[in-house]
Amino acid sequence: MKRSNTHQSPIIIQKHGYNAGFSRVGLTIFFSLFIFHFALSQVPPDKEGLLNAEGMGQAKYAEMNGYPGPKHLLDLADKLKLSADQKKSVQSFYNEMSTRAKEIGKQIIRIEQELNDAFAQGLLSEKSIRSDCEEIGRLRGKLRSVHLVAHLKTKQVLNESQIALYRKLRSEEK
């Protein structure tokens, strides 16, 4: 079916039973689903946070109770008037935490990916599922302890007024 005017909509023009407008819609849907699938298929969903040693709320109890995180403390170092020695110590705690957290994060990602692949290929058993899940849980607990210990060490180099100011500044950020 063709229109007689000079502008011809691809949705109306059909050549050889092929609808050009439909193909654009089809491609749009295909690519949208592909991108959606890719976003959902990131295994595990917190992969980026694990690779970057992000806290992801793992030390929330410490934060809420006056145990500052080394990263946040370094960000607020000037406002808290940290001494050179304090900055050096906190930077050391952060570096240690970051290195260990990234190592553990990579291990978690590897096992999560193996578990995902086993399901995708149908190559699993109850025993392998239990083993992988228990190892993931153990590693996630170890990761959390790395973050919490960094908060504990960080608090030990601060005085009470710095801790009080830190808590005030952090509460204002939220």
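Figures for the structure shown
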quantity: Rough spin-label spacing in nm, given labels placed 7 Å along Cα→Cβ, for Glu126 and Lys102; calculated: 4.1
quantity: Residue among Gly122, Gln86, Val146 farthest towards the positive dipole end of segment 57-174, charges placed on Cβ; calculated: Gln86
quantity: Theoretical FRET efficiency, 1/(1+(r/R0)^6), r = Cβ-Cβ of Val149 and Asn116, R0 22 Å, to 0.05; calculated: 0.15
quantity: Within straight-line cross-link reach of Lys153, aspartates and glutamates at Cα separation under 15 Å, skipping those fewer than 8 residues along the same chain; calculated: Glu63, Asp85, Glu96
quantity: Å³ per residue enclosed by the Cα convex hull of segment 134-174; calculated: 69
quantity: Cα point-scatterer Debye curve for segment 46-173, base-10 log of I(q)/I(0) at q = 0.16, 0.18, 0.21, 0.22 Å⁻¹; calculated: -0.77, -0.90, -1.12, -1.20
quantity: Spacing of the two label points (7 Å from each Cα toward its C-beta) at Lys142 and Ala84, in nm; calculated: 3.8
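Computed from the coordinates by the stated procedures, all read-outs in this text should not be read as laboratory data. On a predicted model such as this, the values are computed, not experimentally measured, just so you know. Neighbour counts are summed over all protein chains in view; Cβ atoms, including those assigned to glycine, are modelled from backbone coordinates with ideal geometry.
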